[in-house]
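A short worksheet on the structure shown next.
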Amino acid sequence: MGEDMVQHEAGNGWFWYDYIYDVRRRYTSTGWRSYATWNYYYTLISNANYIIAQEKNIQGDPKKVEYIVGQAYAIRAYSYFYLIQIFQQTYVGHQNLPGVPLYTEPTTAASIGKGRGTVEEVYTQINQDIDQAISMLKDSGVPQQDKSHIDYYVANGIKAKIALVQGKWQTASDAAAEALKKGLTLLSPAALASGMNDVNLSSVMWGAHIIPDQSGIYASLFSHMDPTAGMYGASSRKCISSWLYGQIPSTDARKVLWNGKITNESSSGPNVSYCQKKFLFKNVADYTGDYIFMRAEEMLLTEAEAQCRLHNYQTARNLMLQFGLTRDANYASRLSAVVDGDTQSFASTGTPQTLLDEILVQRRIEMWGEVGRIWDILRLAKGFTRNFPGTNHPTAGLLTKFAGQEATIPDFKEFILTIPQTEFDGNPNLTSADQNPM
C-alpha cells in the first residue's frame with residue numbers, strides 16, 4: 001500500500017486490489033481484506049485470553065508457565081497494535097478517535113461485543129500487555145526455545161516498534177537497545193543475497209520455520225514473491241521503486257537484491273526492470289521458505305532514529321555507521337554528506353539532506369518487503385505519492401482516482417480499512433455510525 005514496492009501487474013489478482021486501494025468498499029464480504037484481517041487478529045487475541053486466564057491453573061515448572069503466559073501477553077499486545085494501525089489513523093494526533101473493541105477476558109459466541117473506545121485506550125492496553133510480557137519473560141529466565149517463540153528480547157523489539165509509532169523516542173531507543181542485547185550478528189552480504197528465507201540467518205530474532213508438510217504453494221509468501229518459480233510471483237512481479245533503487249550505490253551489497261533497468265523485458269518471470277530477488281523459495285520442490293518477522297537490523301535502525309529524534313546526533317551517526325559499513329564499504333562518505341537534524345525533508349522522493357532523512361531512506365531499503373512501508377507513511381504523517389518522475393508504477397497503480405490527495409493528506413481515509421459488516425451484525429454496542437469514513 002506504499003510507494004516502495006511496485007506490483008508490476010495484476011497477475012491472478014492477489015493483492016492487486018490492496019495495491020490500487022480498492023478493498024475498503026468490500027467490507028460486507030467475508031472473503032476480502034476487512035473481514036480476513038479483523039478475524040485473524042481477534043482470533044489471536046481470543047487464544048491469548050484463554051491462556052492468560054488459565055495462568056494460575058497451569059501445572060508444571062513455574063518458570064516455564066511464565067514463559068508461556070508472557071508470550072500470550074506479547075501476542076495480545078502485538079495483535080492490538082496491528083489492529084489499531086489497520087483500522088484507525090496513527091497514534092499521534094488521533095488519540096481521541098475511535099479505537100477497536102478491547103477484550104482481555106475469554107469470550108465465546110454468546111459474549112456481548114464491546115464498543116470502539118478510543119485510540120488512547122487501545123494503546124494503554126497494548127503498553128500494559130507488552131510491559132507485562134517483558135517482565136514475565138525476563139523473570140522466567142527461559143531462553144528462546146524456538147525462533148517462532150517470543151522471548152525477552154523479541155518482546156522488547158515489539159515494545160520498540162510500539163514506542164516508535166507513539167513518538168516515545170527514549171522508550172523506543174531503550175527497548176531497541178535491549179532487544180539488541182540478544183547478541184545477534186548483522187547479515188553479511190552473502191546472507192543478504194540468500195533469499196531471505198531462513199530463520200537461522202545470523203540476525204533473525206523471530207520467525208517461523210516452515211517444514212515441508214506444513215508448506216503450501218497457494219498459501220505461501222514465496223509463491224507470491226518469488227518470480228523464478230513459475231507461480232503467482234511470476235505473473236505479478238514485485239519490484240522496488242525505481243527511485244529507491246537509485247538510492248542504492250553500486251558499492252552497496254543490497255543492490256543485487258533487485259534487477260536494475262532491463263531493456264528487453266519478458267511478460268512473466270524475473271526478467272523485468274527492478275524485479276525483486278530478496279524473497280525466494282528455500283526449496284521450490286517442496287515449497288518451503290521460512291518467514292522472518294524480526295531482525296536485529298530493524299532494531300538498530302529504530303535505535304538510530306530514536307537517538308536522532310532526541311538530538312543525540314553523534315550516537316545516531318555511530319549506530320548508522322555500524323549498520324552501513326556492513327552494507328557498503330564506502331558508507332562513511334555517504335553519511336558524512338548529510339547534516340545533523342531531525343527534520344524529514346521529503347515524503348516519497350528527494351535527496352537525503354538531514355540525518356533523519358538518511359536513516360529513513362536506509363530503513364526503506366533494508367526493510368523493503370518486511371516491516372511494511374505503509375506503517376511508516378502513517379506514523380511520519382507526510383503522505384506519499386506514486387506519481388513521481390521516472391516512476392515504474394503501472395498506470396493503474398498511480399491512485400489517479402485520488403489525484404492531488406494521496407501526497408497531501410497524512411491521515412487519508414484510504415490508508416485504513418473499513419470494519420467488516422459481520423462485526424456490526426453481531427455486536428449490539430456498534431452501529432453504522434461507528435464505521436470508518438467511507
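Please treat every number below as a calculation from the coordinates, not as lab data. Please read all numbers here as calculations on a predicted model, not as lab measurements. No Cβ is skipped: glycine too gets one built from the backbone with ideal geometry, and neighbour counts run over all protein chains shown.
Which value, in debye to the nearest 20, gives the size of the charge dipole of the stretch 210-289 about its Cα centre, when Lys and Arg are +1 and Asp and Glu are -1 at the Cβ? Could the numbers behind the result be given before it?
Details: 8 positive and 5 negative charges, 61 e Å.
Here the stretch 210-289 has a charge dipole of around 300 debye.
Using modelled amide H (1.01 Å from N, peptide plane; none on Pro or chain starts), what sits under 5 Å from the amide H of V6, excluding residues fewer than 5 places away?
Result for V6 returns C239, I240, S241.
Given a Förster distance of 45 angstrom, what is the FRET efficiency for Q314 paired with T228, based on the Cβ-Cβ distance and rounded to 0.05?
Working: r = 44 Å, r/R0 = 0.97.
With R0 = 45 Å, the Cβ-Cβ based efficiency is 0.55.
With unit charges on the beta carbon (Lys/Arg positive, Asp/Glu negative), name the residue among T422, I86, L192 whose Cα is farthest towards the positive pole of the charge dipole of the chain.
It is L192, whose Cα lies furthest towards the positive end.
Quick one: which residues, 5+ away or cross-chain, put their amide H under 5 Å from the amide H of M205? H built at 1.01 Å from N.
M294, R295, A296
Short version: ³J(HN,Hα) in whole Hz for each residue of the stretch 127-138, in order, from phi by Karplus 6.51 cos²θ - 1.76 cosθ + 1.60 (θ = phi - 60°), x for Gly and Pro, what are they?
Those phi angles translate into 5, 4, 5, 5, 5, 5, 4, 4, 4, 5, 5, 5 Hz.
Suppose we flag chymotrypsin sites (Phe, Trp or Tyr not before Pro) only when DSSP calls them loop and at most 15 other Cβ atoms lie within 10 Å. Which is the longest uninterrupted stretch of the chain?
Working: sites that count: Y218, F346.
Value returned for the longest uninterrupted segment is 1-217.
Under 15 Å from the Cβ of Y35, count the other residues' Cβ atoms, weight Lys and Arg +1, Asp and Glu -1, and hand me the total. Working shown, then result.
Details: positive: R24, R25, R26, R33; negative: D18, E423, D425.
It works out to a net charge of +1.
For the pairs K138/K159; K64/K181; K56/K182; K238/K277; K161/K282, flag any whose C-alpha to C-alpha distance is greater than 20 Å. Mind showing how you got there, number by number?
Details: K138/K159 14 Å; K64/K181 22 Å; K56/K182 30 Å; K238/K277 9 Å; K161/K282 28 Å.
Long pairs (Cα-Cα over 20 Å): K64/K181; K56/K182; K161/K282.
For the stretch 171-302, what class follows from the C-alpha gyration tensor (a ≥ b ≥ c being the square roots of its eigenvalues): rounded when a/c is under 1.5, otherwise prolate if a/b is larger than b/c, else oblate?
Working: a/c = 2.42, a/b = 1.28, b/c = 1.90.
Oblate, because a/c is 1.5 or more while a/b does not exceed b/c.
Could you give me the ³J(HN,Hα) list for the stretch 64-71, computed from phi with Karplus coefficients 6.51, -1.76, 1.60 and θ = phi - 60°, whole Hz, x at Gly and Pro?
Along the stretch 64-71, the couplings run 5, 4, 4, 4, 6, 5, x, 5 Hz.
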